[in-house]
Each structure stands twice: as C-alpha cells, then as structure tokens.
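Following: one structure in structure tokens, then a few remarks.
The values are calculated or read from the model by the stated rules, or taken from the named source; none is laboratory data. Note that the coordinates shown come from a computational prediction; the quantities given were computed from them, not determined experimentally. Using ideal geometry, Cβ is built from the backbone for each residue, glycine included, and neighbour counts are taken over all protein chains shown. Please note that ligands, DNA and RNA were not included when accessible areas were found on the heavy atoms of the full protein model with its side chains. Shrake-Rupley method; radii C 1.70, N 1.55, O 1.52, S 1.80 Å.
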Amino acid sequence: MEQLNDFLVNAITATEWPMFVLLIGGGLFLVVSSKFLPYRYFGHAIAITAGKYDDKKAKGDVSSLQALSAAVAATVGLGNISGVAIAIHDGGPGVVFWIWMTALIGMCIKFYSCSLSIMYRGEDSEGKMQGGPMFYITQGLGKKAKPLAIFFSIAGLFGFLGVFTANQFTETFMSVVVPEESLIAMGGTESDPLFNWKLTIGIVLAIISSFVIFGGLKNIAKVATAIVPFMVAVYLIAVVVVMVLNASQVLPALKLILSEAWNFKTVVTGGFWGLVIIGVRRAMFSNEAGLGSAPMYHGQSKNDEPIREGLVAMLGPFIDTILVCTFTAVVIILSGAYLEDTSGIVMTLQAFRSTLGGFGDDLLMIIVTAFALSTLFTYSYYGVKSLSFLTNAKIGKLYNIYFVIMIVFAAIASLEVVKNLIDLSYALMVIPNMIAVLLLAPKVNQAAKTYFIKMKEQRA
C-alpha cells in the first residue's frame, strides 16, 4: 500500500500543471468566448430541466431531468460531504474560495462538453446510442484524434471506480455504528485491528451495488431520480438547521473563507499555489466539470438540441458545489471541527455531532448511505462505457465485475491511497477531454447563435 501510494504521489506531481492550465486557463477561455452565455441563460436552463421544452420525438434513453439527476447523483455525494472536509484539512478554510471559483468556471465547461455530447453522438457495437468524450473526440476532431479518446478511456477504467465512495462509507459506518462495540468483535490484523469489519462492509456494499449495476442504465436512472433529489433536500435541511441554530457564526465562517483564500503565508505544501491547486482538485472531484463523465449521461438524453442539454448540464456544478459544498464548509468551520486532526467524512461527522446533538451523526449516516449507493450505481456506468469504447459493448459489461471487486479493496484501503488514485486518474482524464472541448468550442458557439435566434423567432 505504501509503495502504491508513493508511486501515485509522484505521478500526480507530474500531471498537476497540465491539468491546472487546461482546466482553469481553458475554462476562462470558454467563459470569454461564450460571452458569459451559460450564466445569462440560467433561468432558461431551469425551465428546460422542469420539462417545459421536452420533445417526445427526440432520440435518446432518458429525459433531461433524469440525465441531470443521474449526473448529479454521481457528483452530489461524498465528494461534497467528505471531499470538502479533505480540502479544508489539507488547505485550511481559504481553499473553499478556490472551490467556488473553479465551480463557476466549471459551469461553462459543462455547458460546452454536454452540448458536444448531443452534437456528436455515436453507437456502440450493439447499435445503442452513446455520447461522451470518446465520441466527440473521434467524430468532432476526426480519426487522427482517436489516440486522445483511447487515452481518456484507459484513464477512465481507474477514475470511474467507486473506491473513494466505498472507502468513505466504510469510515462513516465504523465511526457512527462502532460495530466492534455495538455489534460483535471480529478482530483484524496487527496493523489494522478493524480489518475484518471493514472487509465485511466492503463485501455487503459490493453485493447491494451488484443488484442495481447489473440492471443497466434505465435502472440506474430510475433509482438515482428517486433517491437523489430527496436526499439532497434532507441534507440541505439538516445543514440549514445547523446554520439557523448557529446564525451568529455563519458570517464569521464566510469571512474566514474569504480572508484565508488570499493567505500568501499559508503553511500548505506548495504555499499559496498549493492552496489553489487543492481547491481546483477538490472542486473537480466535487462537480466533475472538465472530467468528461457527465457528457456520457447527457449524451443519452431524449434531446436533439445540443444547446438545451448543455444548459441543463451547467446546473450540475451550481447545485453540487456552489450550494452543497458551501453549506458543508460553513458547518465544518462554525463547529470548529476543522481545528481537530481528522480528515474526510470523520471531520464532517464530528461537525454534525457537535452541532445537532446526539442524532447528528446518525442522520448523516443515513444521508451518506443513500449518496454512496447512488454514486456507486452511476459510476459503474461510466466505466462500462470506457471499456466498451476500447473493446466492444459485450466485453464492456465485464467492467462491472472489476468495479464490484474494487469496492471491497477500497473498504480496506487507506484514505490516502484511494484519494491519490482518483486524483491521478482525474488529472489524466481532464487532459484529453479539455483539449477536445477547447478545439470544438467554435462549433458550440455557432450552434448557440442559431439556437437563440430560433428561440427569439418562436417567441415573436
């Protein structure tokens, strides 16, 4: 485990700057070249999501709302609840500001990438419609760009594993239920006395995930659409209650975020730039803008209008980072949990425990369980698409077996190994995806121009 972790740390260092330049530099370029279009049509995006413009004759498997729910299911989850805690642990409260900045840029990236996913749809070997980076790279940029699509798909085989979710769910269960004391002592190894319990949780989680995963996309979309809006609402209500009960602490918490964001004397590894990089990484982990995962879902929406789907997708980073991450961060800061030497989900649990009394961590346990399961269901789908592109649709389905086995591995692995594996895979996926999005951006600009002229004519 230690050797694997050392290798991952060294590899991440090499990918840091290309990822940063493409994600932030490229994202800012898109914001300017779009003339702030996604932000200007925010209200229109909400109307589309509500089904006002649904076209029953359009091709695709799921509605725009289902695609958004499934994509948000994969992003609103432990990335927001424990990812923010990891960011604050690694970089202090100021890191939240950089998470916000990356999310705002991410809204524009999602608009472009998900518009492209409808613009360039393809078919797999079984003749089923598909969308995503592999298709807009090969169809939009031509055959010569296929190595980029292959590179993306190989990185996706690792990036789309549910390892972070499985790891953090196990941590939550061990912290809240404390099964060694409340249920039965199972023992473990010298280095990890709780090993047998962690292994058991991993196996149970793998079995539950299998039932939905082997059912395919429609099952995943149904389950995600049922669970996610409800659990996001429960989580937000819990957080708002904490903020109301500690109203006098909310403004000081937000002020601390803003003042620490510009702390040039920060003790974070890499100084001020280290702080910014942590913010960028955790924001990307939270909302996946630039990663290329959401276009795989949105590419299968019943929607033949690329710009419309891009506007729906743009709401993802807003919901999951600007809203959910901010609320989580405020609770962690006002509770003082960030001052203790804990990281990940344990820090968030500590914050809820101290602010909501005895039942705070139990409530979070229920929310984390729903988020963990919905994330695992949606991620497996992304991995299947990556393997299907590299081989064929039949072999692609075998990814689910590897995915389920890795859930068990994640339950017994350390947070450091899991976090670094995902950070490296994500950085490697951002590089080919953002190159393609930037090169194809003029096509989206042209389509947007046509779409809004058409909209004006219809209103007239």
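Using only C-alpha atoms and all pairs of different ones, pull out the Kirkwood radius for segment 118-157 in Å with one decimal.
The answer is 10.3 Å.
Probe 1.4 Å, all protein chains in place: accessible area of ILE207 in Å², nearest 10?
Accessible area, nearest 10 Å²: 90 Å².
Taking the convex hull of the alpha carbon atoms in segment 321-377, what volume per residue do you get, in Å³?
Convex hull of Cα atoms, per residue: 81 Å³.
Among LYS35/LYS146; LYS35/LYS143; LYS128/LYS456; LYS146/LYS394, which pairs are too far apart, with a Cα-Cα distance over 29 Å?
LYS35/LYS146; LYS35/LYS143; LYS128/LYS456
Based on the mean of other beta carbon atoms within 10 Å per residue, what is the order of 301-313, 246-258, most packed first?
So the peptides 301-313, 246-258, ranked by packing, come out 301-313, 246-258.
By average Cβ neighbour count within 10 Å, what is the ranking of 346-352, 35-41 from highest down?
In descending order of packing, they fall as 346-352, 35-41.
What number, rounded to the nearest 500 deg cm²/dmol, is the helix-based mean residue ellipticity at 222 nm of the chain, given -39500 (n - 2.57) per DSSP H run of at least four residues and division by all its residues?
About -23500 deg cm²/dmol.
Along the positive direction of the dipole of the chain (beta-carbon charges: Lys, Arg +1; Asp, Glu -1; about the Cα centre), which of ILE453, GLY290, LEU141 reaches farthest?
Selected residue: ILE453.
Provide the per residue accessible area, probe 1.4 Å, for the chain, rounded to a whole number of square angstrom.
So the chain comes to 40 Å² accessible per residue, rounded to a whole number.
Place the peptides 422-433, 136-147, 103-114, 177-188 in order of packing, highest mean first, counting for every residue the other Cβ atoms within 10 Å and averaging per peptide.
The densest-packed peptide leads the list: 103-114, 422-433, 136-147, 177-188.
For segment 342-426, what is Rg from Cα atoms divided by 2.2 N^0.38 Å, rounded to two decimals?
Expressed relative to 2.2 N^0.38 Å, the Cα Rg reads 1.39.
Whole number please: convex hull volume per residue of the Cα set in segment 230-380, in Å³?
Value for segment 230-380: 142 Å³ per residue.
Could you work out the mean projected area of the convex hull around the alpha carbons of the chain, in square nanometres to one decimal?
Projected area, direction-averaged: 21.6 nm².
Give me the aspartates and glutamates in straight-line cross-link reach of LYS198: C-alpha distance below 15 Å, same-chain residues under 8 apart excluded.
GLU171, GLU180, GLU181, GLU190
Considering amide H positions built from the backbone, and no H for Pro or chain starts, which residues 5 or more places from GLN130, or on another chain, come under 5 Å of its amide H?
Residues meeting the criterion, in which the H sits 1.01 Å from N, are GLY122, GLU123, ASP124.
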